[in-house]
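Reviewing the structure listed below.
The values are calculated or read from the model by the stated rules, or taken from the named source; none is laboratory data. Just so it is clear, the model here is predicted, and its values are computed rather than measured. So basically every Cβ, Gly included, is an ideal-geometry build from the backbone, and we count neighbours across all protein chains shown. Areas reflect the complete protein model, heavy atoms only, side chains present, ligands, DNA and RNA absent. Shrake-Rupley method; radii C 1.70, N 1.55, O 1.52, S 1.80 Å.
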Amino acid sequence: MTRSNGASGSGGRQQQQASAGKLPRKRFYRARAHSNPLSDSHFPVPVSPDEFGLSQHYPRYFPADKGGGEEAPPPPRIRFADVGCGFGGLLVGLSTLFPDTLMIGMELRDKVTEYVKERILALRASNPGQYDNISVVRTNSMKYIPNYFRKAQLSKMFFLFPDPHFKEKNHRRRVISMQLLDEYAYVMEAGGIIYTITDVEELGEWMRSCLEKHPLFEAVPGEEIKADPVVKLLSTATEEGQKVARNGGQIFPAIFRRISLQEE
């Protein structure tokens, strides 16, 4: 993973510390809580999943081609996507829970993305052999999901504490909508799970309603949710979830399975 061109001097020092195994400090990477997902941003976007350079994100899994020898096995694919990953708490928690699964965080804010990159580098440096399966990319997932993932590639997608966009005129900016669920369904395999959670009741009802109405998703039964080791992380692994817990707030999860239809 490489630094973005917009890093500050203090950010450069933080990168050196990350390479030495010292975690970066969030105060150097604070940004606005939310960004406008409909605005144009300037960052590279692969034209197709085949052009998404995975070797810079997962060098352990994509070593330099030395040529010759036996035919190499097919490379692994990213299986989990944390959309709007924030400071990367969920990725870190999932990394050790699923050590052989590649996963990526997708974040629009450049400073926050930079923090997650350096946090991962620091964790790798201080824990050899661990955290090689997680990475982060600065992108706009509402626009470019199909540029990163093939059809039926993902087994899990996460949308934790997304921007509620309270004003009705801004509901089109919400990361869960009927239109966007079409795209999420395209990149998810049958049986894959989509996890959403919020502390805003109206948004929770909105996300659940969209998922209930969509023909390619069905609610995961309660007993299955209780047995899922991922579910606890939804409210404990992220900075937002920890803040809600400290303040004694409510949470509103909606967990749905991607199903298949004969006419697909």
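At most 12 other Cβ atoms within 10 Å and a DSSP loop assignment: could you name the chymotrypsin sites (Phe, Trp or Tyr not before Pro) in region 146-247 that fit?
Numbers: sites: 148, 149, 158, 159, 166, 184, 186, 195, 206, 217; in loops: 149, 166.
Of the chymotrypsin sites (Phe, Trp or Tyr not before Pro), the ones in loops of region 146-247 whose Cβ has at most 12 other Cβ atoms within 10 Å are 166.
Which far-off residues, 5 or more places away or on another chain, put their amide H under 5 Å from the one on residue 85, with H placed in the peptide plane?
Excluding prolines and chain starts, which carry no amide H, the hits are 106, 107.
Quick check on my link table: of 143/226; 117/143; 117/243; 169/213; 117/226, which ones sit more than 26 Å apart, alpha carbon to alpha carbon? Don't skip to the answer; put the middle values down first.
Values: 143/226 33 Å; 117/143 22 Å; 117/243 23 Å; 169/213 21 Å; 117/226 32 Å.
Check vs 26 Å cut-off fails for 143/226; 117/226.
For region 98-238, what does the accessible surface come to per residue with a 1.4 Å probe? Please give it in Å². Don't jump to the answer; show the numbers that get you there.
Working: 5850 Å² over 141 residues.
Here the per-residue accessible area is 41 Å².
Determine how large the accessible area of residue 171 is when every protein chain is in place; take a 1.4 Å probe and give Å² rounded to the nearest 10.
Roll a 1.4 Å probe over it and residue 171 shows about 40 Å².
Net charge within 10 Å of residue 60 by Cβ-Cβ distance, Lys/Arg positive one each and Asp/Glu negative one each, not counting residue 60 itself? Walk me through the intermediate numbers first.
Details: positive: 124; negative: 132.
Result for the local shell: 0.
Determine the share of region 136-264's accessible area contributed by carbon and sulfur atoms, expressed in whole percent, with a 1.4 angstrom probe.
Details: 3160 of 6400 Å².
Here it works out to 49 percent.
Straight-line reach only, C-alpha to C-alpha below 17 angstrom: list the aspartates and glutamates that residue 156 could link to, leaving out same-chain residues fewer than 8 apart.
82, 100, 107, 182, 183, 189, 218, 224, 228
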